[in-house]
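Student: What follows is a structure written as structure tokens; I'll ask about it next.
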Amino acid sequence: MTAMAGPAATGIDGARFDPSRTEGRGLADTLRSFKVAVLLGWKLEANWTDPFLFFIYSVAKPLSSALILVVMLEVIGGPAGKAFRPFVIVGSALWAFVLNGVAGLAWSVLEDRERYRVLKYVYVSPADFLTVLVGRGVARIGVGLAGVVITLMVGVIALGVPFDIGRVDWPMLVAVSALGLASIIGLGLLMAGVCIQTRQESWSYPEAFAGALFLVTGAVFPLVVLPAPVQIVGLLTPLTWWIAGTRQALFPGGPGSVGGPGSAFASTFGHPDPSAGEIVLALLVTGTVVTLAAVAVFRLSDRRAKRTGLYDRTTGS
Amino acid sequence: MPALAIEVRGVRRVYSSKKAPIVALDGIDLEVPTGEFFGLLGPNGAGKTTLIKILTTLLSPSSGTASVFGFDVEKDTKKIRRIMNMVAGGEQSGYGILSVREQLWMFTQFYGLAGAEGWRRVDELIEAVGLAEQRLQRVSTLSTGQRQKMNLARGLLNDPWILFLDEPTLGLDVAAARSLRELIVEWRAAVPGRTILLTTHYMAEADELCERIAIVDHGRILAIGSPDELKRRVQRESIFRIELDRLEGGAQALGRLPGVVSATAAAGNEADTDRQSVVMNLVLEDDGALGRVVGDLADRGSHILGLRKSEPTLEDVFVELVGRGFDEAGTDEPGPSAEAIA
């Protein structure tokens, strides 16, 4: 049945209904959406309770994880374990970024849909949804930064981790940090794409994914202790190179997580340990592949969610 | 500006489910002119919300085409999103830890308003919807009615050409619902050309607000027209209840007048011996016959104490079209196990 058109509207203010309003301002709009998403993410994460509880949540958790690992290392490794303290402290500290970035970004989708019920309103706004999510992820990483810095400081000041600021390879630190954090956002987008397709019971998926990465990326033990196929998986993961690069930049000459005699890296590339250049290159390549794949998966997930009506489908709806 | 705000052609939407596919929209055709207050009226599960989701680019149709101000909902999503907005009822949406002001400002940024302009717009709308006292309050502390007013303000942030309202007064108490309806009417009246598509299953709300209404059930439009046109579908005669101080010649005398279909004493009238008046039900061929009745009564020396036209309701229209009432008609929206069949 086709409805008959009703009476035509008269006296319409042409300026108010200016057709140019349907056109966006491109990059300016994208930047504005990104900035406000970062601000929103920060407010939601940092403003939800008083500073003391915020400290407990974002600092004490990673710090206590690092301390547990250090104690375990001392008990198992004895005096030899002290040489591995920087290794454990760096890997453990950096994991706060991974949890906040990978899991946090996916949780943004679930929280906005299930808890705040605003996902559909954000989605039907002109803001690019992917940009908004990336902004939220950056905010989460910012929250994680406090935990990283304090864990490293405690490692140096209280646990005697030998740190010489004059020996830090700053260019490498900047390069691997930028590429590594971009890769974390990429992995977060991947999980967000997965969580768009699921419902409330998927809160644990991102954490489980981050936990699996914890095992294969050399965060707290060298890859060489893992079976060769698992080492290969680790070598294909950008986080492995990010952690290895950060260790090498902060503590040059310290134990590495990627190579070593008998490692998959050594047998593949013919030398025991990767150079700084190789680490940055490997991080660039794996990070780019993962990020592009994540964007593609996210776009596919977005299309499927729109096709199947998942953006406002909450648990029990 | 296009003459049509909404144009829907053969839109079909099917959800898969474990039992059997659910047809939410079954080939809808619809045109809504620019500037109209249009309503979709139907029970739960009729397909109203599904149509709004498609028009607001939240959901893809399984087949058919739909456009908003000439922009295709599948191809021109960004353009549509800049000139429309939506507000849904029956939900507690909002970032609870943000203040009302912060919450609204966030959305101004998603709509591309400059920072200062965004704050100005937020403050204007907070004032307009009557939340000035709550502007710095956290969203989580707002009452249901206040939260819905905030959501309405959010829906108006981008000064939309068209506003989609999906059961906006659902779950509100009578006063809050009335207040919200008044705000909606005021907003639309302020600028000619603003279009509203309202879905509701409250008949009185649709009757009060909408210029035209489509009655929807099981994914189909059963009837469309102004509330008066729809009511006339079920009542072709005019029915009046008239109270007189006395009536010479009885009801039969009135029943013989031209244009009068029937004239009967109202139920219980004869038994009420204390009554000092006579109450009659008059069924007339049309309103024009009323003049003749009034003239005849004056000639007989009767004085009219009261006169009320008996109107059919939109529920009567629905019952006439569907063969059952709203309460019997409702089915749930597709549940968690239901997914779309593209």
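The values are calculated or read from the model by the stated rules, or taken from the named source; none is laboratory data. Everything numeric here is computed off the predicted structure, so don't read it as measured data. When we count neighbours, we look across all protein chains shown, and the Cβ atoms used for this are built from the backbone with ideal geometry, even at glycine. Surface accessibility is based on the protein's heavy atoms, side chains included, excluding ligands, DNA and RNA. Shrake-Rupley method; radii C 1.70, N 1.55, O 1.52, S 1.80 Å.
Student: Per 0.36 nm of contour for each residue apart, how much would the distance between A:I157 and A:M72 grow if the chain were fully extended, relative to their Cα-Cα spacing?
Tutor: Numbers: separation 85, 0.36 × 85 = 30.60 nm, distance 1.92 nm.
Result: 28.7 nm gained on full extension.
Student: Pop out the ³J(HN,Hα) list for region B:213-220 in order, Karplus 6.51 cos²θ - 1.76 cosθ + 1.60 with θ = phi - 60°, rounded to Hz; leave Gly and Pro as x.
Tutor: 9, 10, 8, 10, 8, 6, x, 10
Student: Accessible area per residue for region B:164-288 in Å², computed with a 1.4 Å probe and the full protein assembly in place, what is it?
Tutor: Details: 5820 Å² over 125 residues.
Result: 47 Å² of accessible area for each residue.
Student: A further question on this structure: Within region B:220-250, find all residues whose amide N lies under 11 Å from a label point positioned 7 Å from the Cα of B:A266 along Cα-to-beta-carbon.
Tutor: Zone members listed by number: B:240-244.
Student: If you count, for every residue in B:96-106, the Cβ atoms of partner chains within 10 Å of its Cβ, what is the mean?
Tutor: Average neighbour count from other chains, rounded to a whole number: 3.
Student: Now, a different point. With unit charges on the beta carbon (Lys/Arg positive, Asp/Glu negative), name the residue among B:H218, A:G218, A:A249 whose Cα is farthest towards the positive pole of the charge dipole of the protein assembly as shown.
Tutor: A:A249
Student: Which whole-number percentage describes the relative contact order of chain A, with Cα contacts under 8 Å and a sequence gap of 6 or more? Provide the component values of the computation, followed by the final result.
Tutor: Values: 426 pairs, mean separation 71.0, N = 317.
Answer for chain A is 22 percent.
Student: Considering only DSSP states other than H, G, I, E and B, which trypsin sites (Lys or Arg not before Pro) in region B:234-268 qualify as loop sites with at most 13 other Cβ atoms within 10 Å? Spell out each step's value before the answer.
Tutor: Numbers: sites: B:R236, B:R241, B:R246, B:R256; in loops: B:R236, B:R246, B:R256.
The qualifying sites are B:R236, B:R246, B:R256.
Student: Could you compute how much accessible surface B:T141 exposes when probed at 1.4 Å, giving the result in Å² to the nearest 10?
Tutor: So the heavy atoms of B:T141 present about 80 Å² to solvent.
Student: While we're looking at this one, here's another question. Long-range amide H contacts for B:I22: which residues qualify at under 5 Å (H placed 1.01 Å from N, peptide plane, sequence gap of 5 or more or a different chain)?
Tutor: Under 5 Å from the amide H of B:I22 lie the amide H atoms of B:Y15, B:S16, B:S17, each far enough along the sequence or on another chain.
Student: Counting Lys and Arg as +1 and Asp and Glu as -1, each charge on the Cβ, what is the dipole of region A:26-312 about the Cα centre in debye, to the nearest 20? Before the final figure, lay out the partial values.
Tutor: On the way: 20 positive and 16 negative charges, 129 e Å.
Computed about the Cα centre, the dipole is about 620 debye.
Student: I would also like to ask the following. Using a 1.4 angstrom probe on the protein heavy atoms only, could you order B:I52, A:I232 from most to least accessible area?
Tutor: Details: B:I52 0, A:I232 75 Å².
I get A:I232, B:I52, largest accessible area first.
Student: Label-point separation (nm) for A:A28 and B:Q252, each offset 7 Å from Cα along Cα-to-Cβ?
Tutor: Reported label-point gap for A:A28 and B:Q252 is 8.5 nm.
Student: Using a Förster distance of 56 Å, how high is the FRET efficiency between A:D164 and B:S143, based on the Cβ-Cβ distance and rounded to 0.05? If you can, show how the numbers build up before the last one.
Tutor: Details: r = 60 Å, r/R0 = 1.07.
Calculated value: 0.40.
Student: Right, another one. Could you state how much accessible area A:D164 has, in square angstrom rounded to the nearest 10, with a 1.4 Å probe and all protein chains kept in place?
Tutor: Roughly 80 Å² of A:D164 is accessible to a 1.4 Å probe.
Student: With a probe of 1.4 Å, find how much accessible area region A:26-312 has per residue, and write the answer as a whole number in Å².
Tutor: On the way: 11550 Å² over 287 residues.
Each residue of region A:26-312 exposes 40 Å² on average to a 1.4 Å probe.
Student: Same structure, new question: May I ask for the Kirkwood hydrodynamic radius of the protein assembly as shown, worked out over all distinct Cα pairs and given in angstroms to one decimal? Could the numbers behind the result be given before it?
Tutor: Values: mean 1/r = 0.0346 Å⁻¹.
For the protein assembly as shown, inverting the mean 1/r across all distinct Cα pairs yields 28.9 Å.
Student: Relative contact order of chain B, please, whole-number percent, based on alpha carbon pairs below 8 angstrom and at least 6 residues apart.
Tutor: Relative CO of chain B lands at 23 percent.
Student: How do A:L67, A:L73 stack up against each other in accessible area, from largest to smallest, with a 1.4 angstrom probe? Spell out each step's value before the answer.
Tutor: On the way: A:L67 65, A:L73 40 Å².
Result, largest first: A:L67, A:L73.
Student: Gaussian network model of chain A, Cα springs within a sub-10 Å range: biggest mean-square fluctuation belongs to which of A:A266, A:A37, A:A139?
Tutor: Ranking A:A266, A:A37, A:A139 by mean-square fluctuation puts A:A266 first.
Student: Over the whole of A:21-28, what's the average partner chain Cβ count within 10 Å per residue? Rounded to a whole number, please. Intermediate results must be reported in sequence, preceding the final value.
Tutor: On the way: counts 8, 11, 3, 5, 1, 0, 0, 2.
Rounded to a whole number, the mean comes out at 4.
Student: Further question on the same structure: Which trypsin sites (Lys or Arg not before Pro) does region B:1-45 hold that lie in a coil by DSSP with at most 13 other beta carbons within 10 Å? Spell out each step's value before the answer.
Tutor: Details: sites: B:R9, B:R12, B:R13, B:K18, B:K19; in loops: B:K18, B:K19.
Counting only loop positions with at most 13 other Cβ atoms within 10 Å, the trypsin sites (Lys or Arg not before Pro) in region B:1-45 are B:K18, B:K19.
Student: Separate question: Compute, for the protein assembly as shown, the length of the dipole vector about the Cα centre, with Cβ point charges of +1 (Lys, Arg) and -1 (Asp, Glu) only. Units Debye, rounded to 20. Could the numbers behind the result be given before it?
Tutor: Working: 63 positive and 68 negative charges, 456 e Å.
Value, rounded to 20: 2200 debye.
Student: Picking from A:P86, A:G101, A:I185, whose Cα lies most toward the positive end of the charge dipole for the protein assembly as shown (charges on Cβ: Lys, Arg +1; Asp, Glu -1)?
Tutor: Working it through, the farthest residue towards the positive pole turns out to be A:P86.
Student: Set Lys and Arg Cβ to +1 and Asp and Glu Cβ to -1, take the dipole of region A:26-312 about its Cα centre, and tell me which of A:L310, A:F265, A:V132 lies farthest positive.
Tutor: The listed residue farthest towards the positive side: A:L310.
Student: Calculate one ³J(HN,Hα) per residue across region B:35-48 by plugging θ = phi - 60° into the Karplus curve 6.51 cos²θ - 1.76 cosθ + 1.60, and present them in order as whole Hz with x for glycine and proline.
Tutor: x, 8, 9, 10, x, 10, 10, x, x, 4, x, 6, x, 4
Student: In whole Å, what is the distance between the alpha-carbon centres of region A:143-177 and region A:280-294?
Tutor: 24 Å
Student: Let me check I've understood the local charge: for B:P258, count other residues with C-beta under 9 angstrom from its C-beta, Lys and Arg +1, Asp and Glu -1. What total comes out? Show your work: numbers first, answer last.
Tutor: On the way: positive: B:R256, B:R292; negative: B:E285.
Here the charged neighbours net out to +1.
Student: Let me check against my output: what whole-number percent is the relative contact order of region A:61-131, with C-alpha pairs under 8 Å and at least 6 apart? Let's see the in-between values first.
Tutor: On the way: 28 pairs, mean separation 16.6, N = 71.
Here the relative contact order equals 23 percent.
Student: Going by average Cβ neighbours within 10 Å, how do the peptides A:202-208, B:219-225 rank, with the highest at the top?
Tutor: Numbers: A:202-208: 16.6, B:219-225: 20.6.
Top to bottom by mean Cβ count within 10 Å: B:219-225, A:202-208.
Student: Over 10 Å intervals from 0, what percent of Cα-Cα pairs in chain B sits in each interval?
Tutor: 5, 21, 25, 20, 13, 10, 5, 0
Student: For chain B, what does -39500 (n - 2.57) per DSSP helix run (n ≥ 4), summed and divided by total residues, give at 222 nm, in deg cm²/dmol to the nearest 500? Let's see the in-between values first.
Tutor: Details: 12 runs with 115 residues, N = 342.
The helix contribution divided over chain B gives -9500 deg cm²/dmol.
Student: Hey, another quick one. How many angstrom separate the Cα center of region A:189-253 from the Cα center of region B:19-39?
Tutor: A separation of 47 Å, based on Cα centres.
Student: Please give me the summed charge of the neighbours of B:T141: other residues whose Cβ is under 15 Å from its Cβ, Lys and Arg +1, Asp and Glu -1. Working shown, then result.
Tutor: On the way: positive: B:R101, B:R135, B:R138, B:R147, B:K149; negative: B:E102, B:E133.
Residues near B:T141 contribute +3 overall.
Student: With every protein chain kept in the model, how would you rank A:K43, A:K82 by accessible area, 1.4 Å probe, largest at the top? Write down the numbers at each step before the final one.
Tutor: Details: A:K43 50, A:K82 115 Å².
Greatest to least solvent exposure: A:K82, A:K43.
Student: Which aspartates and glutamates, if any, have their Cα less than 19 Å from the Cα of B:K18, not counting same-chain residues under 8 positions apart?
Tutor: The reachable aspartates and glutamates, counting only those whose Cα sits under 19 Å from B:K18, are B:D332, B:E333, B:E339.
Student: Hand me the tally of lysine pairs in chain A: alpha carbons under 29 angstrom apart, and the pair either on different chains or 8 or more positions apart.
Tutor: So the count works out to 9.
Student: Once both labels are modelled 7 Å past Cα along the beta-carbon direction, what's the B:E133-B:K78 spacing in nm?
Tutor: Output for this residue pair reads 4.4 nm.
Student: Which ³J(HN,Hα) values, rounded to whole Hz and listed in residue order, are derived for region A:291-297 from phi using the Karplus coefficients 6.51, -1.76 and 1.60 in 6.51 cos²θ - 1.76 cosθ + 1.60 with θ = phi - 60°, glycine and proline given as x?
Tutor: So the Karplus estimates, Gly and Pro as x, are 5, 5, 5, 5, 4, 5, 5 Hz.
Student: Could you work out, residue by residue across A:121-131, how many beta carbons of other chains sit within 10 Å of that residue's beta carbon, and then give the average as an integer? Walk me through the numbers on the way to the answer.
Tutor: Values: counts 13, 3, 5, 12, 13, 11, 7, 2, 1, 0, 1.
Counting Cβ atoms of other protein chains within 10 Å of each residue's Cβ and averaging gives 6.
Student: What per residue convex hull volume, in Å³, do the alpha-carbon atoms of chain A yield? Intermediate results must be reported in sequence, preceding the final value.
Tutor: Numbers: hull volume 60.4 nm³, N = 317.
Convex hull volume per residue, Cα atoms: 191 Å³.
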